[in-house]
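Participant: Sharing a structure below in structure tokens format, with a few things to ask.
The values are calculated or read from the model by the stated rules, or taken from the named source; none is laboratory data. Computed from a predicted structure; not experimentally measured. Backbone-built Cβ (ideal geometry, glycine too); neighbour counts: all protein chains shown.
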Amino acid sequence: MSFFQFLNHWWNLPFLVMLGLVGAFFVLQVVGLLGHDGDADVDGDADVDGDADADGEGHLGEAADGLHEALSFFGVGRVPFMVVWGTLFIFTGFAGIFFNRVAFVRLGGGYPGWLFAFAALCSLIVGLAATRIAARLAGKLVDTGGRGSSRKHELVGSIGVVASARVDERFGEIRVSDRAGNEMLVHARLGAYAPPLSRGESVVLVDYEEGQEQFLVVPSGIEEKSG
């Protein structure tokens with residue numbers, strides 16, 4: 001059986017679709033039909049997430065923060081969205097086809113249906129791991145705010161406002177402006193045992209933790225009202 005005949009099976013279809021979407025997007029980018037729309041989506045996603053967190057209350061707000069933190073771990077809202085979904089689809093697609101090929105050969109041309117679920121899980125893990133690595137690398141090279149802002153460590157000492165439902169010792173979002181007046185959304189946390197702060201409260205960015213890609217903040221004591 002040729003490789004193309006091997007690809008012509010239902011259990012390869014989801015992975016082929018992923019690779020096909022990436023290929024189609026790349027072609028459209030080359031011919032200039034999409035321009036910079038992929039990068040422009042990042043700011044919209046970040047603002048929507050911030051508003052969703054702001055509107056959440058109680059357990060709903062905590063769930064929204066948890067979801068946003070999980071997505072941020074894989075770079076969503078921090079690097080161009082094209083980097084996130086492109087890397088995820090490419091590595092998941094190729095990993096799935098590779099796994100199916102190995103299993104198909106080892107089973108002598110057989111492929112039980114239950115094996116697809118295992119292949120999908122394994123390939124997704126590979127894709128997520130690759131996405132995390134790509135997002136960390138891209139975060140060091142690109143402007144996550146998309147506005148030509150200054151380097152993150154230059155924001156230390158700036159005053160910002162809590163934009164998420166709250167900020168605690170694990171996670172939160174702060175809206176801050178750089179020296180050029182560009183407003184951006186950055187990830188931050190409070191020091192250990194510090195009481196959480198709510199949306200609209202003013203903070204000072206006192207340090208930037210490169211390993212965690214977030215700022216350490218403290219209350220500024222300045223009254224701020226969300227508008």
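Participant: Residue check, L19 against (1) assigned to a helix (DSSP H, G or I); (2) modelled with pLDDT under 55, all met but one. Which one?
Facilitator: Condition (2) is where L19 drops out.
Participant: Collect the residues in the stretch 159-198 that are surrounded by fewer than 19 Cβ atoms within 10 Å (Cβ to Cβ) and either touching a Phe, Trp or Tyr at 6+ places or on another chain (Cβ under 8 Å) or of a type in the set (S, T, Y) (or both), keeping them in residue-number order.
Facilitator: E169, S177, Y193, S198
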